[in-house]
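Below you'll find the structure, written out as structure tokens, and then a few comments.
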Amino acid sequence: MMQTNFLPLNIRRFQQRAQVETPDTVYWERLSKPDLLKEHNTIDYIDFSLTDPDNFVVTCSVRVQIYNLVTKLVVKNLSRFQKTAYGATFRQDGRLLAAGDEEGHVKLFDTTSRNILRLFKGHTAPVHRTFFTADKLQLASFCDDKSIRLWDVANEKVVQTYEDAHSDYIRAGAMHPLASNVFASGGYDGKIHLYDTRAENAVQQTLDHGAPVESMLFLPNGSVLVTAGGNQVRVWDMISGCRLLTTMAQHHKTVTCLRLGSDGRRLFSGGLDRHVKIYDVSTYKTVHTLTYPNAVVSLGVASGDQAVVAGMVDGLVSIRRMTVDSKPSHLKKIRTSRSKNVERKRPTPRPTIPQDVDHVVKDRVKGPGLKIYDVQLRQFNHKKALDNVMYLQRMEKQPELVVAVITDLLHRRSLDKALIDRPEHILIKFIDFVCAHLSETRFMRPLMNAASTVLDVFERQLVTCSDLLLKSLEKLSRTVQNEIQLTTELIQLKGAMDMLIGVSLEGDETRHRPTYVQPTRAPKMQPSQAAEKYVVFVE
């Protein structure tokens with residue numbers, strides 16, 4: 001008989017259910033050690049360019065500076081401010097940049113030439129936040145004079161003015177990411193107003209945050225508004241009548257800034273307690289925490305989570321980039337260096353004196369170790385192989401081992417032979433195992449085939465069953481029916497969601513389609529007369 005090499009059973013390694021380190025912890029620990037930049041005053045605002053993620057703008061004192069993420073150097077220095085500048089933000093295309101100042105002016109800059117293109121005058125107090133609308137044609141300014149103004153970027157004129165929108169300073173605002181006519185404002189009076197520029201009554205809804213509102217933003221689909229104030233972050237559902245979804249109080253001091261990361265799947269909140277909390281948007285639970293040396297007052301997250309930049313109250317700017325190198329490569333280096341050191345320290349063996357022997361036994365080639373069930377499978381004892389893995393301890397602690405043997409028997413088309421003419425307690429144990437693990441996605445396909453094989457076996461035998469075996473078969477039938485019903489409901493739910501998403505996308509394309517056609521090379525915007533005449537006096 002010719003001897004063949006028999007490979008042991010290949011048992012798949014599944015991910016453990018209980019993990020000490022969550023995927024978010026592993027992911028965010030890839031952020032490198034912070035690179036620190038020092039400015040002369042509090043970092044008021046940080047914003048990343050959507051078109052060029054390597055550039056971010058920092059607003060501090062009388063300067064607005066554009067930094068490069070790789071070199072950590074200033075690319076553009078926009079120092080055309082007589083007094084303190086506030087809230088410099090990029091337009092969606094990255095070509096324009098708007099900032100307010102303490103004089104009550106709103107200035108529009110060309111990011112390529114550093115020229116002032118527009119100078120919007122009309123506010124009588126410092127303008128702390130400025131944001132572009134979704135269609136990029138208008139600019140909203142939120143001011144300490146308790147008013148909000150919408151400016152036409154092309155004509156340098158006021159489109160709409162909302163006087164006395166709040167009873168205190170307005171330090172927060174957010175533009176709807178899809179609808180250019182919808183935006184929100186938050187004031188130090190603790191109130192949140194939602195506006196629709198098309199309606200006669202501009203304020204469509206008023207919400208109460210309960211504390212001075214410091215920051216706010218919409219999620220990418222525009223159906224959820226997140227506000228920050230006091231030590232709380234509140235989430236509002238815009239679709240169901242601005243209902244409060246949840247309140248997150250993970251900070252023990254004032255929350256100052258909000259940002260989105262991971263393409264809108266993660267929410268960042270920075271506070272005066274020197275922490276930046278990262279939340280999962282689907283569950284609104286904290287998944288990770290970043291700690292900084294001082295109070296965080298501004299925050300920026302690059303697209304694709306390439307970097308997290310935080311501005312602090314003492315003028316420090318912390319830049320933490322996402323590293324590409326993974327930990328196993330470093331572990332390999334450590335292991336190789338240790339193995340070399342061990343080989344150096346290993347003593348040299350003494351030379352052995354050869355002696356005359358009668359017979360020399362050749363070195364045996366040690367093959368892979370075979371378990372008992374491997375030996376039984378090798379000898380085609382399928383029933384004994386199945387009995388070997390169906391011990392109670394293995395079935396509870398190593399279900400993947402039992403499934404591996406079942407899968408191998410299915411490939412051999414001999415699972416039915418392993419179940420025919422078996423005692424009832426073996427069949428009941430096998431059916432109970434199938435029922436217990438049928439709902440697990442990692443085992444579902446082989447166990448469904450195993451359940452079908454069980455039915456085929458009883459169809460062939462045509463024998464009477466005991467009450468216990470009949471109850472096990474009824475349990476198997478109920479389990480399969482429940483899985484079929486659950487799958488049907490999930491398919492129906494997926495179909496309904498696909499229909500709603502498709503309708504909403506079609507509606508967005510028709511409703512929010514811009515009324516102008518932008519050429520491939522847009523003409524360069526020229527500075528207005530007011531911007532050309534603006535002069536900064538240096539004392």
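Amide hydrogen proximity for Lys146: with H placed 1.01 Å from N in the peptide plane, the residues at 5 or more positions away or on another chain lying under 5 Å are Ile170.
Separation of region 303-325 and region 171-244 by C-alpha centroid, Å? Taking the Cα centre of region 171-244 as reference, the centre of region 303-325 is 27 Å away.
Counting only residues at least eight positions apart within a chain, or on another chain, the aspartates and glutamates with an alpha carbon under 19 Å from that of Lys121 are Asp101, Glu102, Glu103, Asp110, Asp144, Asp145, Asp152, Glu156, Glu163, Asp164, Glu532.
The portion of the accessible surface of region 189-237 made up by carbon and sulfur, rounded to a whole percent, is 39 (1.4 Å probe; DNA, RNA and ligands excluded).
Between His288 and Ile278, the built amide H atoms are under 5 Å apart, and every one of these is 5 or more places off in sequence or on another chain.
Ranked by the mean number of other Cβ atoms within 10 Å per residue, highest first, peptides 370-381, 97-108, 212-223 order as 97-108, 212-223, 370-381.
Phi angles of region 220-233 translate, via the Karplus equation with coefficients 6.51, -1.76, 1.60 and θ = phi - 60°, into HN-Hα couplings of x, 7, x, 8, 10, 10, 10, 10, 10, x, x, 9, 10, 10 Hz per residue; Gly and Pro are given as x. When the solvent-accessible area of region 289-328 is split by element, carbon and sulfur atoms take up 54 percent of it, the probe being 1.4 Å.
Placing +1 on the Cβ of every Lys and Arg and -1 on the Cβ of every Asp and Glu, with nothing else charged, gives region 28-321 a dipole about its Cα centre of roughly 680 debye. With 10 Å bins beginning at zero, the pair-distance distribution over Cα atoms of region 28-321 amounts to 7, 31, 39, 21, 3, 0 %. Relative to the current alpha-carbon distance between Asp467 and Arg265, full extension at 0.36 nm per residue lengthens the span by 67.5 nm. Put simply, when 491-502, 64-75 are sorted by average Cβ atoms within 10 angstrom per residue, most first, you get 64-75, 491-502. Kirkwood-type hydrodynamic radius, region 177-292: 14.4 Å, calculated from all non-identical alpha-carbon pairs.
In order along region 87-104, the phi-based Karplus estimate (6.51 cos²θ - 1.76 cosθ + 1.60, θ = phi - 60°) of 3J(HN,Hα) comes to x, 6, 10, 7, 6, 4, 8, x, 8, 10, 9, 10, 8, x, 8, 6, 6, x Hz; Gly and Pro are listed as x. Across region 165-179, computed HN-Hα scalar couplings (Karplus, 6.51 cos²θ - 1.76 cosθ + 1.60, θ = phi - 60°) run 5, 10, 9, 8, 4, 9, 10, 9, x, 8, 9, 5, x, 10, 9 Hz from first to last residue, x flagging Gly and Pro.
Keeping the other protein chains in place, figure out the carbon and sulfur percent of the accessible area of region 372-485, with a 1.4 Å probe.
53
Scoring 438-446, 252-260, 37-45 by mean Cβ neighbours within 10 Å over their residues and listing the highest first yields 252-260, 37-45, 438-446. Listed by chain and number, the aspartates and glutamates placed with their C-alpha closer than 17 angstrom to that of Lys33 are Asp305, Asp325; residues fewer than eight positions away on the same chain are left out. Counting other Cβ atoms within 10 Å, keep those with at most 11, restrict to DSSP loop, and tell me which trypsin sites (Lys or Arg not before Pro) in region 111-217 are left. Qualifying residues, ordered by number: Arg198. Cross-link pairs exceeding 20 Å between alpha carbons, from the set Lys253/Lys277; Lys397/Lys471; Lys107/Lys157; Lys136/Lys524; Lys72/Lys107: Lys397/Lys471; Lys72/Lys107. Computed over protein heavy atoms with a 1.4 Å probe, the accessible surface of region 28-321 works out to 38 Å² per residue. Surface exposure of region 372-485, expressed per residue as accessible area with a 1.4 Å probe, stands at 57 Å².
The values are calculated or read from the model by the stated rules, or taken from the named source; none is laboratory data. Everything quoted here is computed from the prediction, not taken from an experiment. Methodologically, a virtual Cβ is constructed for each residue, glycine included, from the backbone with ideal geometry; neighbour enumeration extends over all protein chains shown. Remember, those area values only see protein heavy atoms, side chains included, never the ligands or the DNA or RNA. Shrake-Rupley method; radii C 1.70, N 1.55, O 1.52, S 1.80 Å.
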